[in-house]
């Protein structure tokens with residue numbers, strides 16, 4: 001998306017202006033520089049901070065909220081880390097599709113600056129729209145006066161009649177997420193009806209032509225039709241490459257469903273559609289492909305119905321459990337000095353259905369971040385200040401709710417370890433049995449000799465002893481096995 005948007009910006013701005021670009025991939029940057037249309041001077045920045053130091057208007061287009069938060073608020077390289085003299089009369093046009101909470105947090109930070117404006121302006125129209133400069137933009141800003149001032153700038157990447165003032169801050173994102181939810185639904189429906197048409201002996205091009213002008217018509221049935229040969233504009237014409245990949249479709253769908261949960265809006269199809277794209281996102285025929293790829297729909301040979309024996313598998317689901325910021329050296333090598341990244345606190349739901357009883361046993365592996373940071377003890381609250389920016393929503397309970405589950409449905413909670421960023425809120429799971437590694441109870445009681453660092457503070461009342469299982473010492477198990485083997489050898493006369 002950013003490629004086409006940057007092309008249009010450079011093509012349309014005056015020669016007396018300049019375009020400053022910041023791209024992590026040196027290869028991608030070189031490719032863009034080699035073809036960039038227009039005559040305005042181009043400046044290359046190594047960090048977002050360098051961008052704001054030489055720009056008045058900043059467009060950002062990034063994959064997820066964690067990336068936007070890092071680009072905006074990273075204390076050393078972020079846009080807002082620049083000196084105060086470089087943070088006056090700036091316009092921030094945030095075009096990514098991200099969670100509303102992150103956007104509002106950033107907007108509140110920008111509002112503290114002198115005459116600076118932050119606008120959420122997510123786009124629709126895909127790569128084709130970005131390349132053609134015909135994107136639709138959904139704008140959330142503080143007033144119509146602000147909207148009228150920024151609209152000519154947004155016209156650099158979008159079509160004037162398709163640039164909408166949706167309301168105040170975050171209204172653009174709310175609109176985009178609602179649109180994404182509907183788009184994901186209609187894409188599945190389109191794939192199904194096109195398959196139905198083919199099985200009925202209908203010509204797909206003629207069927208699509210009828211749909212375009214009938215009550216079943218929609219963008220996905222027309223320009224983005226998933227049957228090759230129907231539309232030259234669709235991802236199908238490019239073998240589903242270079243479009244809106246299935247994994248990203250799953251991500252934006254989850255955002256939409258999370259928003260629906262927060263405002264109390266019922267989504268009858270939400271869980272079905274979410275589960276559908278979750279499976280598509282990891283399937284080899286769909287992963288990395290545009291979300292219109294026909295293999296991802298309920299076709300005659302659906303890849304999701306190819307399963308082994310019911311009790312020979314478990315279902316594994318990644319759950320959202322918060323994000324926090326870590327120094328890169330802790331998980332990437334080599335890395336730049338002082339580099340930091342916002343990362344997810346990992347959490348998984350594991351489900352297994354018994355072939356005999358049909359009972360489903362559910363286990364959650366780690367509970368992630370605690371949604372209310374003030375519920376941590378003072379030493380941990382102090383430590384969390386070194387892990388900013390940090391987002392604690394959606395937490396595990398919210399993620400389970402999106403899948404139609406409650407904490408009471410969880411049989412077991414297994415902790416990888418009991419540090420603060422893994423424990424979540426055990427009190428939310430009053431019916432679950434907790435499983436911890438050997439030595440964990442000593443840590444919680446404060447009697448372990450293996451404590452180090454300010455984050456090594458543990459809560460003695462974290463777990464209910466009556467519902468907690470501590471695994472045995474694996475080293476002792478090995479010793480026991482060795483002794484058993486020796487005894488067997490002596491008995492056998494070996």
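Brief remarks follow.
- Single condition residue 441 does not satisfy, out of (1) modelled with pLDDT under 95; (2) crowded, with 17+ Cβ neighbours inside 10 Å; (3) out of contact with any strand residue (DSSP E or B) (no Cβ under 6 Å at 6 or more places or on another chain): (3)
- Condition met for residue 283 (modelled with pLDDT of 85 or more, farther than 24 Å from residue 211 by Cα, surrounded by 14 or more Cβ atoms within 10 Å (Cβ to Cβ) and under 20 Å from the mean Cα position of the chain (by Cα)): no
- Candidate set from region 112-130 (those that are at pLDDT 95 or above and under 26 Å from the mean Cα position of the chain (by Cα)); member that is surrounded by the most Cβ atoms within 10 Å (Cβ to Cβ): 120
- When every residue of region 244-259 is checked against the conditions, none turns out to be in contact with a strand residue (DSSP E or B) (Cβ under 6 Å, 6 or more places away or on another chain), touching a residue at least 40 places away in the same chain (Cβ under 8 Å) and not in a loop (DSSP other than H, G, I, E, B).
- Those helices (runs of 4 or more DSSP H) of region 1-106 in which 2 or more residues are within 22 Å of residue 243 (Cβ to Cβ) occupy 2-12, 26-35, 65-73.
- Just one residue in the set 340, 402, 381 is closer than 27 Å to residue 273 by Cβ and at pLDDT below 95; that residue is 402.
- Of the residues making up region 114-134, just one is part of a loop (DSSP other than H, G, I, E, B) and over 18 Å from residue 150 (Cα atoms), namely 125.
- Qualifying positions in region 224-239 - farther than 14 Å from residue 194 by Cβ and part of a loop (DSSP other than H, G, I, E, B): 232, 233, 239
- Only one entry of 190, 205 meets the criterion of being surrounded by 14 or more Cβ atoms within 10 Å (Cβ to Cβ) and at pLDDT 90 or above, and that entry is 190.
- Of the listed requirements (1) surrounded by 16 or more Cβ atoms within 10 Å (Cβ to Cβ); (2) touching a strand residue (DSSP E or B) at 6+ places or on another chain (Cβ under 7 Å), residue 105 misses just one: (2).
- Yes/no for residue 390 being in contact with a strand residue (DSSP E or B) (Cβ under 6 Å, 6 or more places away or on another chain) and closer than 26 Å to residue 339 by Cα: yes
- When the criteria are applied in full, residue 137 fails the requirement of being in a loop (DSSP other than H, G, I, E, B) and either touching a strand residue (DSSP E or B) at 6+ places or on another chain (Cβ under 9 Å) or surrounded by 14 or more Cβ atoms within 10 Å (Cβ to Cβ) (or both).
The values are calculated or read from the model by the stated rules, or taken from the named source; none is laboratory data. Owing to the predicted nature of the structure, the values given are computational and were not obtained by experimental measurement. As a convention, Cβ positions derive from the backbone with ideal geometry for all residues, glycine included, and neighbour counts pool all protein chains shown.
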